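Peer 1: Handing you this structure, nothing more for now.
The values are calculated or read from the model by the stated rules, or taken from the named source; none is laboratory data. What you see is a predicted model; the values in this text were computed from it and never measured. Cβ: placed from backbone, ideal geometry, glycine included. Neighbour counts: every protein chain shown.
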């Protein structure tokens, strides 16, 4: 968990929002909502918003190494959110959910011929690892730009 209390609060809020989005999406998918509606409720949208929020919060705290803090925050945020998504894939395999994201040949785990180990563990874990890397890289690009643009100029030295 991040060191700074305000950053930790932001992390908790982000994870809470992600959990809510995941639940809403599962409900919509199970009710048979169109795929374009389901895609609106994706955790991936948060990966464009939270790097900016983390960067602004890190700068506000006066952190001496803001890029290092941003990397830590993005890795932790990515792990928390992707583990939750990974659990949905595990549930989907166990309960044989028929949503397109689980049944597509391009990465779904509820596909004919996918065995227990692959469907319940390997595919969800592989997706989680790939996404944590993507989240971190995307966060460093977006958050890094924010850190550079919002960085406070050095205070003049008074003698």
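Peer 1: Mind checking which residues of the range 87-111 are in a helix (DSSP H, G or I) and either surrounded by 13 or more Cβ atoms within 10 Å (Cβ to Cβ) or free of Cβ contacts under 8 Å to residues at least 40 places away in the same chain (or both)?
Peer 2: If the condition is that a residue be in a helix (DSSP H, G or I) and either surrounded by 13 or more Cβ atoms within 10 Å (Cβ to Cβ) or free of Cβ contacts under 8 Å to residues at least 40 places away in the same chain (or both), then 87, 88, 89, 90, 91, 92, 93, 94, 95, 101, 102, 103 are the ones that fit.
Peer 1: Go through the range 61-77 and give me each residue that's part of a helix (DSSP H, G or I) and free of Cβ contacts under 8 Å to residues at least 40 places away in the same chain.
Peer 2: 68
Peer 1: Evaluate the following for residue 115: is it out of contact with any strand residue (DSSP E or B) (no Cβ under 7 Å at 6 or more places or on another chain) and within 29 Å of residue 48 (Cβ to Cβ)?
Peer 2: No.
Peer 1: Looking at the structure I just gave you, is residue 80 within 17 Å of the chain's Cα centre (by Cα), in contact (Cβ under 8 Å) with a residue 60 or more places away in the chain and within 24 Å of residue 30 (Cβ to Cβ)?
Peer 2: Against the criterion (within 17 Å of the chain's Cα centre (by Cα), in contact (Cβ under 8 Å) with a residue 60 or more places away in the chain and within 24 Å of residue 30 (Cβ to Cβ)), residue 80 qualifies.
Peer 1: Does any residue of the range 67-83 turn out to be over 30 Å from residue 149 (Cβ atoms) and modelled with pLDDT of 95 or more?
Peer 2: Yes - at least one qualifying residue is present in the range 67-83.
Peer 1: Still on this model: For residue 32, which of the numbered conditions (1) over 16 Å from the mean Cα position of the chain (by Cα); (2) part of a helix (DSSP H, G or I) fails to hold?
Peer 2: Going through the list (1) over 16 Å from the mean Cα position of the chain (by Cα); (2) part of a helix (DSSP H, G or I), residue 32 breaks only (2).
Peer 1: Would you mind telling me which numbered condition in (1) modelled with pLDDT of 95 or more; (2) closer than 30 Å to residue 38 by Cβ residue 147 fails?
Peer 2: In the conditions (1) modelled with pLDDT of 95 or more; (2) closer than 30 Å to residue 38 by Cβ, residue 147 misses (2) alone.
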